[in-house]
Amino acid sequence: MNDFIQTSKSDGVSSIRFNRPEKKNAITADMYQALADAIDHANGDPDMRCILFLGHKGAFSAGNDITDFAQIAMSGGKRTSMAVFEFLQRIIISQKPMVAGVDGLAIGVGTTMLLHCDHVVASHEASFTTPFVDLGLVPEAGSSLLAPRLIGHHRAFSLLAMGEKFSPELAREVGLVSAIVSSDDLETAAMDAARSIAAKPPEAMEITRELIRGDRSDILSRMHEEAELFGQRLQSEEAKKAFLAFMSR
Ligand code: COA
């Protein structure tokens, strides 16, 4: 278990919370492993019928911990953890429906993981960015395949390549977000959605979700392709320069 990932269970909902508010819920390798374990646990528990991801007021997640990135880059790739891919694989293959409640920052994987969720509730204060290229990196989590499919080429390019910030309104318009509520109502609304999913007949829910999502082998294969390129980019001069710039602000 990891203190920065909190889990709880109620009413058939397995809640998984990013709990590192002092670092805007930036995700370390240990946190990815704890996330992967929590998703496995929820999928293996027949009483759990929905997974709910939450962050904190002002920060769903600032994405991958850049200090972790820098350590991998500076070690010449020797310090590589596969935990991030364990997590990404779990969200791609999860059989249980996944809901997210997003207030404030959703950066990098904080946004791309939402492409795998079935229902996303955002607050008016939410913002979505994926500054991969600014960091000398490339998209991950199968987002280079899923984003253009979901939101079209031009908008996917704005998000993934240009690093433009999406407001909750734009995110809802393009289909990244299901509903927008006030910041104060965010957690209740996300939990209500998760509970309502959990209360439905689970077999019918699972079959319906499988039909809607379809075959995921292309997403897994794209995730692996992205991971290979991402690993190479972590060693690039462009990336090292960006990490140093962030750490010496
Ligand atoms: N990795 C590591 N640490 C991070 C982080 C990240 N992704 N995001 C935020 N933090 C840390 C900051 O370094 C700071 O730590 P400190 O208090 O020890 O100095 C703390 O979280 C608070 O962040 P701060 O930058 O002071 O808050 P802010 O409101 O001014 O800005 C962000 C918040 C998220 C906009 C800014 O921190 C940022 O741009 N982070 C990087 C996001 C990113 O590029 N993620 C990777 C995507 S692939």
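The values are calculated or read from the model by the stated rules, or taken from the named source; none is laboratory data. The shown structure was predicted, so the numbers you read here are calculated from the model rather than taken from an experiment. Ideal geometry is used to build each Cβ from the backbone, glycine not excepted, and the neighbour counts take in all protein chains shown.
Pairs meeting the criteria (first residue in region 124-141 and at positive phi, second residue more than 7 Å from the ligand (Cβ to nearest atom) and in a loop (DSSP other than H, G, I, E, B), beta carbons under 8 Å, at least 6 apart or on different chains) are Gly136/Ser236.
Looking across Ala245, Ala204, one residue alone is small (Gly, Ala, Ser), without any contact (Cβ under 8 Å) to a residue 60 or more places away in the chain, farther than 23 Å from Ala141 by Cβ and within 16 Å of the ligand (Cβ to nearest atom). It is Ala245. Checked against (1) over 24 Å from Leu220 (Cα atoms); (2) within 18 Å of the chain's Cα centre (by Cα), Ala62 meets all criteria but (1).
For region 17-53, residues that are part of a strand (DSSP E or B), away from the ligand (no atom under 16 Å from the Cβ) and either surrounded by 22 or more Cβ atoms within 10 Å (Cβ to Cβ) or free of Cβ contacts under 8 Å to residues at least 24 places away in the same chain (or both) total 4.
When the residues of region 54-92 are filtered to those that are outside any loop (DSSP other than H, G, I, E, B) and of a type in the set (S, T, N, Q), the one that is nearest to Pro201 (Cα to Cα) is Gln89. Among the candidates Leu105, Leu88, the residue that is surrounded by 20 or more Cβ atoms within 10 Å (Cβ to Cβ), at pLDDT 95 or above and within 11 Å of the ligand (Cβ to nearest atom) is uniquely Leu105.
Right, Glu210: surrounded by fewer than 13 Cβ atoms within 10 Å (Cβ to Cβ), under 23 Å from Ser10 (Cβ atoms), modelled with pLDDT of 95 or more and among the acidic types (Asp, Glu) or not? Criteria not met by Glu210. Being surrounded by 14 or more Cβ atoms within 10 Å (Cβ to Cβ) and either in a helix (DSSP H, G or I) or out of contact with any helix residue (DSSP H, G or I) (no Cβ under 7 Å at 6 or more places or on another chain) (or both) is not true of Arg249.
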